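Report on the structure given below.
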Amino acid sequence: MIQWFKEGFESNKVASSLREEAYKAGWNIGDKINVPTKYKDNKAAVAMYKKYYELGQQKQKKTAFEISTALLVIISTVGIYTLFRRNKNSSEKSNTEIYEIEKVAK
């Protein structure tokens, strides 16, 4: 019974590290799935590795989409602000010129 418990505990530690490794591999851009050779004969380990690899890929894609969306919003905001300031400055110059023309005309 104690031996069985120790084996289960050790296999969970191995499975945990394998899950973490697969998830991190899924985060790497351009990496193809590459199950470690010592687990290739174990169908359950390969299935678990593929599952966590795909979870890492999904998270990476979601994060990349969120970052690109945030950058697009920031760039658009800065562009709109710049155009607004430029138009405001040019209209202030026009108002000053009109005021000067009216002053000279009097």
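Annotations
- Some residue of the stretch 31-54 being part of a helix (DSSP H, G or I), touching a Lys or Arg at 6+ places or on another chain (Cβ under 9 Å) and open to solvent by 90 Å² or more (accessible area, probe 1.4 Å): yes
- Close pairs (6 angstrom Cβ cut-off, 6 or more residues apart or separate chains): charged (D, E, K, R) in the stretch 3-27, modelled with pLDDT of 85 or more and assigned to a helix (DSSP H, G or I) anywhere: 19/52
- A Cβ distance below 8 Å, combined with a sequence gap of six or more or placement on separate chains, defines the contacts here; from the stretch 56-76, residues that are closer than 14 Å to residue 23 by Cβ and open to solvent by less than 100 Å² (accessible area, probe 1.4 Å) reach residues that are modelled with pLDDT under 90 and among the hydrophobic types (A, V, I, L, M, F, W, C) in the pairs 56/22; 56/25; 56/27; 57/27; 59/27; 60/27; 60/29.
The values are calculated or read from the model by the stated rules, or taken from the named source; none is laboratory data. The shown structure was predicted, so the numbers you read here are calculated from the model rather than taken from an experiment. Every residue, glycine among them, receives a Cβ derived from its backbone with ideal geometry; neighbour counts consider all protein chains shown. Side chains included, ligands, DNA and RNA excluded: accessible areas come from the protein's heavy atoms. Shrake-Rupley method; radii C 1.70, N 1.55, O 1.52, S 1.80 Å.
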